[in-house]
1. What is the distance, in nm, between label points placed 7 Å from the Cα along the Cα-to-Cβ direction at T14 and at Y100?
2. Please give the per residue volume of the convex hull enclosing the alpha carbon atoms of the stretch 1-42, rounded to a whole number of Å³.
3. Restricting things to Cα coordinates, could you compute the convex hull volume per residue of the chain in Å³?
4. Taking just the alpha-carbon atoms of the stretch 63-115, what radius of gyration and Dmax come out, in angstrom?
5. List the lysines whose alpha-carbon lies under 20 Å from that of K75, not counting same-chain residues fewer than 8 positions away?
6. Quick one: putting +1 on the C-beta of Lys and Arg, -1 on the C-beta of Asp and Glu, what dipole do you get for the chain around its Cα centre, in Debye to the nearest 20?
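Laboratory data are not the source of any read-out in this text; all were calculated from the coordinates shown. Nothing here was measured: the structure is a model prediction, and the numbers come from that model. Using ideal geometry, Cβ is built from the backbone for each residue, glycine included, and neighbour counts are taken over all protein chains shown.
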Amino acid sequence: QVQLVESGGGSVQTGGSLRLSCAASGSSFSINVMAWYRQTPGKQRELVAVIGSGGSTNYADSVKGRFTISRDNAKNTVFLQMGSLKPEDTAVYYCSTGRYAGEYWGKGTLVTVSS
């Protein structure tokens, strides 16, 4: 089992920046892919960014060039640096990890971007 705790959410104005963190604990051998998802009411949870154990990354088209995912393998922590934020980035952001993205989930942290 793996437990995930997100932090760093909050409110920011359009164009601002936020940095999300997610610390994983538990069975470290189960931690391979680390990812960030987001969800707004009435919509499906969508993948924002993913990073493999070797550091390879992939991003949703909507955040490319604005968000950066990184990880600290020694601390089993993943980060999401968000810049040039837009109101449409408003969502609950969830951290995920496991042998594959989506195996384990955090409880989420709310990001609100006001215009």
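1. 3.9 nm
2. It is 112 Å³ per residue.
3. Value for the chain: 88 Å³ per residue.
4. 12.5, 38
5. K107
6. 40 debye
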